[in-house]
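Okay, so here's the structure we're looking at.
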Amino acid sequence: MNLQDTRLRIKIVGQSGSGLLTVGEIVSKALQRLGFFLCADREYPSLIKGGHSCYTINLSESPVRSLSDTADILVAIDKHSLVAYFDTLKKEGIFIHGYERTAGIQDILQQAEKKKIQTVFAPSRKIAFDNGGTEQMANIILTGMLWKVLGFPLKKVEDLVREKFKNKKKILDIALRCLGAGYDAVDSQLTIDVPVKKKKTLLLDGNQAVALGAIQAGMRVYSAYPMSPSSSILSYMAEMASRTGIIVKQAEDEITAAQVSLGAMTAGTRSMTATSGGGYDLMTETVSLAGMIESPFVVLIGQRPGPATGLPTWTAQADLNLALYSSHGEFPRIVMSIADPGDGFESIQHAFNLAEEYQVPVIVLSEKVVCESKMTVDSERFKKIPIRRGLVPPEKLSQLKSEDRFKITPSGISSRWIPGSSETYYFANGDEHWEKGTITEEADEVEKMYQKRMRKEETIREKLPPPEIIGKEKQADISFVGWGSSLTVLKDIIEDYRKKGISVNLLHFRCLSPLNKKFVQEFFSRNSNIHLLEGNYQGQLGQLLEREGFSFRGKLLKYNGRPFFLEDVDSYIRDHISQHG
Amino acid sequence: MDKKRLSELVHQSDAYNAYESDEVLTWCGGCGNYSIQNALKRALVLQKIPPHKTLMCFDIGCHGNGSDKIEGYTIHGLHGRVLPLAAGASMTVDPDIKVMAFAGDGGTMSEGINHLIHTVRSNYPFAFFHHDNQNYALTTGQPSATTKKGCPMNAAPQGVMTDPINTLQLVLSLEPSFVAQTLSADIDHMTDVFQKALCHQGFAFVNILQGCPTYNREATNEWYLRHVQRVEEQKDYDPTDIWAARRIVAQKEKIPLGILFLDTAQKDFLHTLPDRDPASHFPTREVIPRDITEFLSALE
């Protein structure tokens with residue numbers, strides 16, 4: 001079996017706390033080391049034990065960026081999850097389980113037979129006990145079984161188990177025995193060619209990538225309050241602090257996290273914070289202050305469905321309006337989206353540069369599916385973006401006047417220097433102010449300063465890179481407009497459809513605000529069958545574009561907490577190509 | 001007040017004048033903010049801190065309208081949020097920059113009271129000057145959490161129904177490292193206390209009993225002067241004894257002034273960071289491209 005042009009889709013399901021994540025991580029890493037490209041995501045409920053979870057891995061010899069909702073292989077750790085996910089296993093697929101009391105799953109086994117599914121079974125509890133383990137070892141036994149079914153040599157996965165338990169000698173011995181016993185208990189079902197030419201990839205999730213990008217960009221203070229799905233950035237920063245020297249502060253709330261970050265930025269270092277929509281609600285007054293005192297500020301929103309607590313561990317793209325319109329008063333801001341780990345690594349570096357050069361808040365929209373999905377990324381994508389701070393050069397620090405800090409300029413951008421770096425000081429005033437920062441309520445001065453700040457929006461609009469077109473530039477059979485993670489699905493879809501002779505293209509917004517209207521106009525004039533693709537109910541980017549006079553033939557909107565799967569876009573295209581044609 | 005020390009000011013009029021602003025002061029006649037800002041300028045001069053080595057962070061309130069009436073680097077932030085703002089600044093600035101924060105009793109004891117608790121707990125390296133005039137003066141005299149029970153106020157015409165929070169009791173319950181109380185009617189005392197706060201390594205909490213001639217008719221300067229007692233005049237007062245401090249702020253006979261509590265052994269925030277050397281702390285200069293190869297190769 002050759003995975004050059006096709007993907008193999010594995011789903012591992014089990015209760016939260018059953019060790020599912022361990023299986024998923026071990027198998028993903030082992031597959032990466034064999035040279036495969038893969039994308040893996042974990043669906044799980046917002047609790048620590050119980051409830052069913054699913055770890056999905058899609059792998060191929062060519063880059064895989066998105067996920068399918070269907071499985072070729074289903075690995076079930078327990079009955080509940082098995083029942084919940086069985087329908088996602090395709091006809092003639094492979095079903096791996098260790099459930100001994102088969103009387104309880106007769107329905108499933110009959111369905112399996114009907115769907116010509118190959119069932120692979122070994123008594124995982126018994127094997128665990130026989131090898132000195134507890135029921136908890138079922139996950140390792142199933143890892144062995146899965147690895148054998150895939151037909152790969154045991155050693156490759158053994159190495160990962162060793163790494164995983166390297167500090168727990170006693171458990172390691174049991175785990176290795178269980179892994180081997182699981183491997184030996186079943187027969188290989190597949191013979192998969194291992195990639196000959198191995199490309200150097202990194203396997204990481206979006207949060208890790210953002211953290212690494214921020215470290216790369218010279219961020220020195222990270223302050224945050226835990227909130228899914230952004231929390232792992234905080235953990236990751238803290239774990240690396242001994243080697244990076246970054247000051248990591250878990251704040252008492254999101255208001256504090258944002259204020260600490262703004263205080264650090266205003267005082268002259270690079271800092272960021274991350275949260276989800278609900279936490280960002282609390283940060284909005286700070287964003288407004290950053291807008292007024294023209295201080296750089298960088299915040300990441302890991303989106304999940306709302307309102308209120310919503311679905312804490314699921315994904316959404318529903319906080320675009322929040323990012324665009326939050327905070328009192330009017331001030332320029334930059335809103336960016338990130339689509340995948342490689343994008344996150346690069347974009348966060350740009351976010352720091354933009355925030356400092358234009359002295360504005362930058363809001364980076366991520367999504368649960370970006371935050372937590374692991375993806376193999378070509379190591380060449382981890383590029384260093386030169387740091388641009390937009391500060392007054394050292395030789396000019398002695399020639400400053402206090403009025404330079406908020407000087408009325410044509411571009412709206414005035415000189416910024418670090419407090420204490422010059423004998424010339426200034427007032428960073430949250431009250432309306434004149435050029436030095438002294439409070440003013442004079443109508444004329446208020447207008448001039450207001451206009452100066454707002455002029456930055458035009459300056460930024462001209463400098464920001466335009467939206468990106470994926471696929472052919474014009475006259476596509478069907479076109480999509482989207483932002484964030486939909487890029488990854490569309491990249492895979494565009495390639496699939498090219499092979500079928502159907503042209504699909506995408507206008508992807510990495511920078512959502514300020515909007516580059518001219519570029520959008522060109523795209524709309526060159527394509528006719530244009531559809532909106534967004535992970536929210538209202539079609540928030542769509543509404544924004546409609547207000548600018550653009551219109552869509554249709555809208556593919558999803559708001560049930562799941563990301564866009566290949567199947568979603570695939571069936572939408574089939575419906576809308578025929579209509580169009 | 002050490003009069004000899006104070007007399008040094010006479011020879012430092014240039015240094016003092018460097019802090020003087022041309023801006024028109026906008027406080028009411030007799031407002032405590034005049035003397036507080038004067039005492040602050042004196043303390044800064046006596047500590048030999050020039051304006052460009054300060055970073056003064058202001059909350060919202062009458063005191064905050066002084067954010068552009070003293071020369072130096074200032075940030076005028078949001079209501080109730082000055083403590084975390086100053087915390088971020090204090091972990092960032094070069095060691096020779098003095099971070100200070102100023103807020104009233106509205107912002108500190110209501111809107112941002114959670115920040116006060118965690119700032120004390122984190123022992124960030126900056127001095128905090130709590131302007132306690134027992135009301136929301138800038139919004140025309142509503143009661144605050146420190147207004148005395150029974151006082152008729154704007155929005156409480158029949159008198160405040162609830163007991164005030166005892167600010168010092170609260171702060172002392174959090175194992176602070178520096179707690180002092182002073183009075184806006186006594187510039188010399190303030191100068192002395194402010195200097196000690198500026199020298200403290202860690203979070204220095206300075207409670208200033210501030211006169212508000214417009215909205216606080218109960219606790220006037222004259223009233224305070226009749227009721228205060230300096231702790232140094234008390235026999236055997238030990239400012240390193242937390243229970244002595246807690247007792248003295250609990251009793252209702254006399255209002256204690258001076259350094260009420262001091263714990264110099266407590267590490268400030270920067271000294272608790274295991275991975276950094278506070279002696280060479282320059283986050284402003286550390287914004288340079290980092291080598292992340294080791295982290296990337298762990299992901300291969």
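FYI, it's all coordinate maths here, none of it is from the lab. Note that the coordinates shown come from a computational prediction; the quantities given were computed from them, not determined experimentally. Virtual Cβ from ideal backbone geometry, glycine too; neighbours counted across all protein chains shown.
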For chain B, set up a GNM with springs between Cα atoms under 10 Å and report which of B:SER35, B:SER280, B:SER67 has the largest fluctuation. B:SER280
What is the dipole size for region B:183-300, taken about its Cα centre, with +1 at each Lys and Arg Cβ and -1 at each Asp and Glu Cβ, in debye to the nearest 20? 520
When a/c reaches 1.5 or more, the comparison of a/b and b/c decides; with that in mind, is region B:3-136 rounded, prolate or oblate per its Cα gyration tensor? oblate
One finds, for A:GLU163 and B:SER173 with R0 = 60 angstrom and r their Cβ-Cβ distance, a FRET efficiency to the nearest 0.05 of 0.80
Who wins for biggest fluctuation among B:THR240, B:THR272, B:THR284 in a Gaussian network model of chain B, springs between alpha carbons below 10 Å? B:THR284
Quick one: which residues, 5 or more positions from A:TRP483 or on another chain, have an amide H under 5 Å from its amide H? H modelled 1.01 Å from N in the peptide plane, none for Pro or chain starts. A:PHE509
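Which whole-number percent is the relative contact order of region A:404-532 (Cα, under 8 Å, 6+ apart)?
24
With a ≥ b ≥ c the root eigenvalues of the C-alpha gyration tensor of region A:205-376, is it rounded (a/c under 1.5), prolate (a/b larger than b/c) or oblate? Please report the intermediate quantities before stating the final value.
Values: a/c = 1.37, a/b = 1.05, b/c = 1.30.
Rounded, because the longest to shortest axis ratio a/c is under 1.5.
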Neighbour-limited loop hits for trypsin sites (Lys or Arg not before Pro), region B:14-93 (at most 16 other Cβ within 10 Å; DSSP other than H, G, I, E, B): B:LYS48
Full extension from B:LYS149 to B:ARG217: what is 0.36 nm times the residue separation minus their Cα-Cα distance, to one decimal in nm? 23.1 nm
If you add up the charges near A:THR488, with Lys and Arg at +1 and Asp and Glu at -1, over every other residue whose beta carbon is less than 10 angstrom from its beta carbon, what do you get? -1
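Please work out whether region A:8-185 counts as rounded, prolate or oblate from its C-alpha gyration tensor, where a ≥ b ≥ c are the square roots of the eigenvalues and a/c under 1.5 means rounded, while otherwise a/b larger than b/c means prolate and anything else oblate?
Details: a/c = 1.44, a/b = 1.11, b/c = 1.30.
Since a/c stays below 1.5, the shape of region A:8-185 is classed as rounded.
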In terms of the charge dipole of region B:3-297, which places +1 on Lys and Arg and -1 on Asp and Glu at the beta carbon, the residue among B:LEU116, B:GLN234, B:HIS281 farthest towards the positive end is B:GLN234
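In whole percent, what relative contact order does chain B give with Cα contacts below 8 Å and a gap of six or more residues?
Values: 586 pairs, mean separation 52.4, N = 300.
Here the relative contact order equals 17 percent.
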Residue-by-residue Karplus 3J(HN,Hα) for region A:405-422, coefficients 6.51, -1.76, 1.60, Hz, glycine and proline x: 4, 10, 4, 6, 10, x, 7, x, 9, 10, 5, 10, 9, 6, x, x, 7, 9
Using the 10 angstrom Cβ neighbour count as an exposure proxy, how do A:TYR236, A:TYR426 rank, fewest first? A:TYR236, A:TYR426
When Cβ neighbours within 10 Å are restricted to other protein chains, what is their mean count per residue of peptide A:215-225? 4
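For A:LEU545, A:LEU20, what ranking results if the residue with the fewest other Cβ atoms within 10 Å of its Cβ goes first? Walk me through the numbers before you get to the answer.
Details: A:LEU545 22, A:LEU20 25.
Ascending number of Cβ neighbours within 10 Å: A:LEU545, A:LEU20.
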If you average the C-alpha positions of region A:235-249 and of region B:1-41 separately, how far apart do those two centres end up, in angstrom? 43
With the crude spin-label approximation of a point 7 Å out along Cα→Cβ, what separation in nm comes out for A:TYR325 versus A:LYS500? 3.7
Length gained if A:GLU113 through A:ARG574 is fully extended, taking 0.36 nm per residue and subtracting the Cα-Cα distance, is 162.9 nm
Under a point spin-label approximation (7 Å from Cα along Cα-to-Cβ), what is the B:ILE165-A:LEU190 distance to one decimal in nm? 6.0
